[in-house]
Amino acid sequence: MFKGFVILKVMNIKPRSIKNDERGIGLLFEILLVVVVLAVVGGVGYKVMKSKKEDKPAVTTSTETTEEWAYVDMAVEGEFADADVVQTSDATWRLYYATQPEVVGNNFEIYSATSSDGKTWTEESGTRKTMATFPEVIKLKDGRYRMYFQSAGVIKSAISEDGLSFVDEAGTRIDKTNSVDLTFDNVAAPTIMQDEDDRFVMVYRGTINERYAENTPNPTTQLFMWATSDDGLSFTKQGIAVDSRDATLNGQLDGPDIVLWDDGDYRIFATTYTGVYEFTFDGTAFTNPTLALAGEAKQTDMGFSGAPPGDPTVAKIGDTWFMYYGKTTGIAYATLK
């Protein structure tokens, strides 16, 4: 979902200037003297500044990727969030997206739109589902579509023959219990893939009702868990996928999306306070985070500012990689340069 943050502190720095106006031989002597003094002072000043910089705690320590995502345009305008994209045929893609929960009087509706180029999207009539958030749709190998979503603090699912009309499936896919002694207020934001061995792998968010640090905007801590399944219905929980409790992620991870990359690895894109981060998954373990797209978000010694791209979904359409994500004005998209 879209979230905005504000700077917590403000620092004012006043500039200082030096002026010299001497003439003749005295001026030359003065210049030589100043050069010597500045060299000495500069060397000492550099050491002092370097020492202070080294003494200052690190803010964001992630390594930026050499790939570059750049904002292009809006895909769907309106009070929408939580986008997910799935290929429905060789030439057609469908974008699922939800009403922003903050919208007054909403019924947690999920809508859809289609496109052949990833740029122009045509809204489909009606709603795909109601009373659901964080939709994640996968096209099964038998041609049906399964939607995973959050409802009442747990993850459930619904099935569809055409990707338009969904019928709830009995039971709960993922509940709040886990094997690592974490107390979750809720689980949400599932993403799922089916590997070459037909194993389903789901990554999802677990929310702890406790602020990670004094200066973090959200009063909760969110990290990623993962689970596996043979049929996409009964899951075995595998524990923590990505722990956000460090100086890079600051206790915040949301809206993961898992995708098979060109090199054969699986990549996961997810939102934190300072932008969209990506991770790789080799089937058993997840790598450290790399900043993919900051958007307007950043972190300084004064706190966090700007709104990060919300809950990304990534797909390769034609020869171009697209990232769709939430903004205050709807679902935007960026492409990989």
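The values are calculated or read from the model by the stated rules, or taken from the named source; none is laboratory data. All values reported here derive from a predicted model rather than from experimental measurement. In this analysis, Cβ positions are derived from the backbone assuming ideal geometry, glycine residues included, and neighbour counts consider all displayed protein chains. These accessible areas exclude ligands, DNA and RNA; they are computed on the full protein's heavy atoms, side chains included. Shrake-Rupley method; radii C 1.70, N 1.55, O 1.52, S 1.80 Å.
In table form, for the structure just shown:
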read-out: Restricting segment 219-236 to residues that are in a strand (DSSP E or B) and of a type in the set (Ser, Thr, Tyr), the residue that is farthest from Ile258 (Cα to Cα); value: Thr221
read-out: Flag for Ser179 being modelled with pLDDT under 95 and farther than 18 Å from Trp93 by Cα; value: yes
read-out: Total residues in segment 190-209, condition open to solvent by 40 Å² or more (accessible area, probe 1.4 Å), in a loop (DSSP other than H, G, I, E, B) and either in contact (Cβ under 8 Å) with a residue 60 or more places away in the chain or closer than 25 Å to Gly310 by Cα (or both); value: 1
read-out: Complete set of residues in segment 102-116 that are in contact with a Ser or Thr (Cβ under 9 Å, 6 or more places away or on another chain) and charged (D, E, K, R); value: Glu109
read-out: Count of residues meeting criterion [within 24 Å of Ala158 (Cα to Cα) and without any contact (Cβ under 8 Å) to a residue 40 or more places away in the chain] in segment 235-267; value: 2
read-out: Within segment 118-139, considering residues that are assigned to a loop (DSSP other than H, G, I, E, B) and over 25 Å from the mean Cα position of the chain (by Cα), the one nearest to Val314 (Cα to Cα); value: Glu124
read-out: Count of segment 140-189 residues which are of a type outside the set (Asp, Glu), assigned to a strand (DSSP E or B), under 28 Å from Thr114 (Cα atoms) and without any contact (Cβ under 8 Å) to a residue 60 or more places away in the chain; value: 13
read-out: Residues of segment 73-112 classified as of a type in the set (Asp, Glu), more than 15 Å from Gly126 (Cβ to Cβ) and without any contact (Cβ under 8 Å) to a residue 40 or more places away in the chain, total; value: 2
read-out: Any hit, segment 157-170, residues being out of contact with any helix residue (DSSP H, G or I) (no Cβ under 7 Å at 6 or more places or on another chain) and within 25 Å of Asp282 (Cα to Cα); value: no
read-out: Residue within segment 101-117 that is open to solvent by less than 30 Å² (accessible area, probe 1.4 Å) and either of a type in the set (Phe, Trp, Tyr) or over 25 Å from the mean Cα position of the chain (by Cα) (or both) present; value: no
read-out: Qualifying position, being in contact with a Pro (Cβ under 7 Å, 6 or more places away or on another chain) and either small (Gly, Ala, Ser) or free of Cβ contacts under 8 Å to residues at least 60 places away in the same chain (or both), among Ala292, Ala307, Ala297; value: Ala297
